[in-house]
Amino acid sequence: MAVARALIHRPAVVFADEPTASLDQGTGRDVIELLADYRTRDGGSVVVVTHDPAMLTGADRVLQMRDGRLT
């Protein structure tokens, strides 16, 4: 539901903090696909903070942090 609320007004940038946390794998994949579709179909940018390596699929750019620093 939160993802739908975030996308309904088609913002230029969507910020998602752990969007697949506490979801089963199937629903998590659905969320990943929804965000990817938004990026490719609607031209929006998606910034994701996650520990889920599956979220990296299809990313244009990946930045990693370790001990509070970009690595």
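The values are calculated or read from the model by the stated rules, or taken from the named source; none is laboratory data. What you are looking at is a predicted structure, and each value in this text was computed from that prediction instead of being measured. Neighbour counts run over all protein chains shown; Cβ positions are idealised from the backbone, glycine included.
Touching a helix residue (DSSP H, G or I) at 6+ places or on another chain (Cβ under 6 Å) and within 12 Å of VAL3 (Cβ to Cβ): does that describe VAL62? Full working, then the answer.
Values: touching a helix residue (DSSP H, G or I) at 6+ places or on another chain (Cβ under 6 Å): yes; within 12 Å of VAL3 (Cβ to Cβ): no.
In short, no.
Restricting attention to segment 30-46, report how many residues are in contact (Cβ under 8 Å) with a residue 24 or more places away in the chain and more than 13 Å from VAL3 (Cα to Cα). So that I can check it myself, show each step before the final result.
First, the residues of segment 30-46 that are in contact (Cβ under 8 Å) with a residue 24 or more places away in the chain: 31-32, 34-35, 38, 42, 44-46.
Now restrict to residues that are more than 13 Å from VAL3 (Cα to Cα): 42, 44-45.
Of the residues in segment 30-46, 3 are in contact (Cβ under 8 Å) with a residue 24 or more places away in the chain and more than 13 Å from VAL3 (Cα to Cα).
Tell me the residue from GLY28, GLY58, GLY68, GLY44 that is of a type outside the set (Lys, Arg) and exposed (fewer than 11 other Cβ atoms within 10 Å of the Cβ), please. So that I can check it myself, show each step before the final result.
On the way: GLY28 fails: exposed (fewer than 11 other Cβ atoms within 10 Å of the Cβ); GLY58 fails: exposed (fewer than 11 other Cβ atoms within 10 Å of the Cβ); GLY44 fails: exposed (fewer than 11 other Cβ atoms within 10 Å of the Cβ).
So the residue among GLY28, GLY58, GLY68, GLY44 that is of a type outside the set (Lys, Arg) and exposed (fewer than 11 other Cβ atoms within 10 Å of the Cβ) is GLY68.
Looking at ARG41, is it of a type outside the set (Phe, Trp, Tyr), at pLDDT 90 or above and part of a loop (DSSP other than H, G, I, E, B)?
No: the conditions fail for ARG41.
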